[in-house]
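The values are calculated or read from the model by the stated rules, or taken from the named source; none is laboratory data. Remember, predicted model here, so these are calculated numbers, not experimental data. In this analysis, Cβ positions are derived from the backbone assuming ideal geometry, glycine residues included, and neighbour counts consider all displayed protein chains. Accessible surface areas use protein heavy atoms only, side chains included; no ligands, DNA or RNA. Shrake-Rupley method; radii C 1.70, N 1.55, O 1.52, S 1.80 Å.
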Number of protein chains: 2
Amino acid sequence: MTTSVVSVTVDLVLLTIRQGALQALLIRRGIEPYLGKWALPGGFVLPDEDLDEAAARELREETGLDPRTGHFEQLATYGAPGRDPRGRVVTIAYLALLPDLPSPVAGSDAAGAAWRPVDDIEAGDLAFDHDRILADGIERARAKLEYTPLATAFCPPEFTVAELRQVYETVWRTRLDPRNFHRKVTGAEGFVEATGGTVIRERGRPAQLFRRGPAALLHPPLLRSGQV
Amino acid sequence: MTTSVVSVTVDLVLLTIRQGALQALLIRRGIEPYLGKWALPGGFVLPDEDLDEAAARELREETGLDPRTGHFEQLATYGAPGRDPRGRVVTIAYLALLPDLPSPVAGSDAAGAAWRPVDDIEAGDLAFDHDRILADGIERARAKLEYTPLATAFCPPEFTVAELRQVYETVWRTRLDPRNFHRKVTGAEGFVEATGGTVIRERGRPAQLFRRGPAALLHPPLLRSGQV
DNA sequence: CGAATAGTGTCTGTGAGACATTATATC
DNA sequence: GATATAATGTCTCACAGACACTATTCG
């Protein structure tokens, strides 16, 4: 039996909603290969580190965020033989859904880091196979909004129904009926809980504030196929 | 930046339905560590092999099956530092849903291989962290039957609605109403297509034969939460 | 007051689940 | 004939989507 000795990295698809657009955190590479190109943040797994730990450490290093903020999960693993010119590198990609951060890129050690609207990133813009990893992450996020309450991961701890609706509209790139959306969100068991507070964003009637509820799955789900 | 040099393997969660039970293919280990213990089939990734290729090769070696039979997808990656006593081994697990095979374990190179009902496999029965990998695979299969037509992957190329229903009943461990199930399956766009043939399994009215349809997702889905 | 946003109510069509009925085979 | 399985139909309730209407703020 032949063993295959390879390097193992983690790469992060960090998604947030800023300025009404779904955005991903990218870093500008400071070393070869792909020097100067944009790439997903990531790095090598340390010898005594579990994969989740490595991803959480990279998240802290790149954003200063605690992985318990928002949502964090393993996405998929990529290991085509030629994906890194330096040799055999297998990367485990992680997906994080984050609220709009006050200090976007706090403690980044990369040459440069920036949030970029995912619609502005075109095929070939990113180093390695990061185009595909990013696309897979976005698709995972879109699908998960249907059956899980993860849209709340894009929101601050307290949010209004309208803000949650804007998350869905931004991620799915659709328009949703505010009245039906309100009824479905407040009717789905454990999706959101009223905090009792209210807030006025611009003008109009004050909106109730909610926090995320305890449900792990949405019953009934909010389907993209419908028009809500 | 420190690189982490590790070995990379693929492990397979192979699921089928035999004798009315959801069963997984296990091999009895012929070498240390865990000599004599049951484990998931798998092996090292070869130097010039993509991960999917390695998993497909292992599938062929263990079962003689072509990966295009049934359904095949990446499940998740496991890499806790102590999961293999020989050193750092990261494993990418794959999930396959297979029809009941005529020759269960054709060309296996393992000391012994057998289909085992998953309900008979208890915590601690399997080597390494394969208990958890198997559990993750079963849960993935259960969830995917809701929103995708993958139940057909457990069936031969032509099957009856009753056989498809038995797949759902076996995987979900529930009873489904045959009449409502028939209406929902034949009503879901692209789930199944009638071949025109009929067959009599034991006695009773002949059943229509179907093949899998072109749909990748079920609209509307078949939800576990309901009673069908 | 009007404009804007938040939230509730009402109506209609469709699907889920419960279950009756008909169809076609074997014994 | 009886029995078993397949397939269709019927009924009721709940939810989805469309959209009218009320509530509460700012200017």
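Summary of values
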| quantity | calculated |
| --- | --- |
| Residue under evaluation A:Arg83, criteria (1) more than 21 Å from the chain's Cα centre (by Cα); (2) farther than 23 Å from A:Ala141 by Cβ, criterion not met | (2) |
| Considering residues of region B:20-44 that are in contact (Cβ under 8 Å) with a residue 40 or more places away in the chain and in a loop (DSSP other than H, G, I, E, B) only, the residue most open to solvent (accessible area, probe 1.4 Å) | B:Tyr34 |
| Criterion violated by B:Ser7 - all others in (1) more than 14 Å from chain A (Cβ to nearest Cβ); (2) surrounded by fewer than 19 Cβ atoms within 10 Å (Cβ to Cβ); (3) among the hydroxyl-bearing types (Ser, Thr, Tyr) satisfied | (1) |
| Those residues of region A:184-228 which are within 7 Å of DNA strand C (Cβ to nearest atom) and either assigned to a helix (DSSP H, G or I) or assigned by TED's automatic domain parsing to the domain that holds A:Thr69 (or both), in sequence order | A:Thr186 |
| Members of region A:135-181 that are in a loop (DSSP other than H, G, I, E, B), open to solvent by 30 Å² or more (accessible area, probe 1.4 Å) and closer than 21 Å to A:Gly213 by Cα | A:Pro156, A:Pro157, A:Glu158 |
| Residues being open to solvent by less than 20 Å² (accessible area, probe 1.4 Å) and either β-branched (Val, Ile, Thr) or touching a Pro at 6+ places or on another chain (Cβ under 9 Å) (or both) - total across region A:10-19 | 6 |
| Odd one out for A:Ala56, checked against (1) under 20 Å from B:Gly79 (Cβ atoms); (2) at pLDDT below 95; (3) crowded, with 16+ Cβ neighbours inside 10 Å | (2) |
| Qualifying residues in region B:59-79 (those that are at pLDDT below 95 and among the aliphatic types (A, V, I, L, M)) - the one most open to solvent (accessible area, probe 1.4 Å) | B:Leu65 |
| Search result, residues across region A:165-183 that are in contact (Cβ under 8 Å) with a residue 12 or more places away in the chain and near DNA strand C (Cβ under 10 Å from one of its atoms) | A:Arg165, A:Gln166, A:Asp177, A:Pro178, A:Asn180, A:Phe181, A:His182 |
